[in-house]
Amino acid sequence: MQIEEFTLERIQSLYENIVEYNLSDSGVHPYSLNELLSPEEREKVLAAELGYGWTNGAVVLREAIAATYKNRTADEVMVTNGSAEANFLMA
């Protein structure tokens, strides 16, 4: 499978961080966790234990995805880190 380069995205990425007004952007300026979370929520984040997850995606997530399709199970779903990884698996 040969995936063509998305030329428009490549051109936009050359200038997106150096222009004063970016009219081609489809998102918003990123927020910090301090702006998004209440003090209680920030404490929960800081108390969370970090570890390795499942390489094919968390079971509860795969079950939720499988439930959107008829006759599919979590064992038939693989979650990837973005579309580039998914495209690589399909190539």
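Where a number appears in this text, it was derived from the coordinates with a stated rule and is not lab data. Only a predicted model underlies this, so the values are computations on that prediction, with no experimental measurement involved. Glycine gets a Cβ as well: all are built from the backbone with ideal geometry, and neighbour counts include every protein chain shown.
Only residues that are closer than 26 Å to residue 2 by Cβ and either part of a loop (DSSP other than H, G, I, E, B) or in contact with a strand residue (DSSP E or B) (Cβ under 8 Å, 6 or more places away or on another chain) (or both): list them for region 48-91, please.
Correct list: 56, 77, 78, 79, 80, 81, 82, 91.
Of all residues being over 23 Å from residue 83 (Cβ atoms) and surrounded by 10 or more Cβ atoms within 10 Å (Cβ to Cβ) in region 1-44, which is farthest from the chain's Cα centre (by Cα)? Just the residue, please.
19
So if I check each of 19, 45, which one is farther than 30 Å from residue 88 by Cβ, without any contact (Cβ under 8 Å) to a residue 24 or more places away in the chain, part of a helix (DSSP H, G or I) and of a type in the set (A, V, I, L, M)?
45 is the lone residue from the list that is farther than 30 Å from residue 88 by Cβ, without any contact (Cβ under 8 Å) to a residue 24 or more places away in the chain, part of a helix (DSSP H, G or I) and of a type in the set (A, V, I, L, M).
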